[in-house]
Amino acid sequence: MTGPVWRPFGADAVLVEFALPHERWSFRCPLADETVVGARTVLLRFDARRYRVADLRAAAHLVPSDAARPPRSHTIAVTYDGPDLVAVADAGGMSAAEYIRRHTRAEYRAEFCGFAPGFAYLSGLDPALASPRRANPRPRVPPGSLAVAGPYCAVYPSASPGGWNLLGTTTTRLFDPAAADVALIRPGDTVRFEALS
């Protein structure tokens, strides 16, 4: 079995690509200044004045699953009032109420963060609830919007353009620069959604 592939990524970073994507959760490199988890990769930023890629490779290792940082669990209350809810449910051959029921019974996992600070791509979406991105993205999606696109769901942490289908809204703050953990959801965390009546 082959190990991860290390690819240069500019002067002070390297992208580590895993044949077994779950290994990225237990990958550690103490020489890296920043570690960014992707869908199948880990980006390592490092001080190029002190280290070479070979140094990072020598220091990198996989930690046993029982030594890895345990994921945090979040429950996010949602008002399912999104403008795309009925259309997405119709496309899946179900009522909006059934869509909500199925959406709230699943447990989701933050695979990686990107697009905007605090924007976590959540896997675990029932395939029957999946929906392609909108043909015409909205110029502004309000913060706190719960959305789906393809196999993922996410909550927009701030106002931004977006092409995902909007299911509802939450008042939970996903990104707070003044907080100890600026992003509520980290890669590896689990999330459940709770429907507000």
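The table below lists the values:
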| item | result |
| --- | --- |
| Test result for R133, on the phi < 0 side of the Ramachandran plot, in contact with a Phe, Trp or Tyr (Cβ under 9 Å, 6 or more places away or on another chain) and in contact (Cβ under 8 Å) with a residue 24 or more places away in the chain | yes |
| Qualifying position, being over 24 Å from P157 (Cβ atoms) and surrounded by 14 or more Cβ atoms within 10 Å (Cβ to Cβ), among A96, A110, A116 | A96 |
| Residues of region 5-48 satisfying the condition of being over 21 Å from the mean Cα position of the chain (by Cα), among the aromatic types (F, W, Y) and within 14 Å of A59 (Cα to Cα) | W6, F46 |
| Wholly enclosed strands (runs of 3 or more DSSP E) of region 85-197 bearing at least 2 residues within 16 Å of the chain's Cα centre (by Cα) and either in the same structural domain as E17 (by TED's automatic domain parsing) or not hydroxyl-bearing (S, T, Y) (or both) | 108-113, 120-123, 145-149, 152-155, 190-195 |
| Candidate set from region 119-128 (those that are closer than 27 Å to L20 by Cβ and of a type outside the set (S, T, N, Q)); member that is surrounded by the most Cβ atoms within 10 Å (Cβ to Cβ) | A120 |
| Subset of region 92-119 (residues that are among the aliphatic types (A, V, I, L, M) and modelled with pLDDT under 95) | A110, A116 |
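The values are calculated or read from the model by the stated rules, or taken from the named source; none is laboratory data. Keep in mind the model is a prediction, meaning the values are calculated, not measured. All Cβ positions, even for glycine, are placed from backbone atoms using ideal geometry, and neighbour counts span all protein chains on display.
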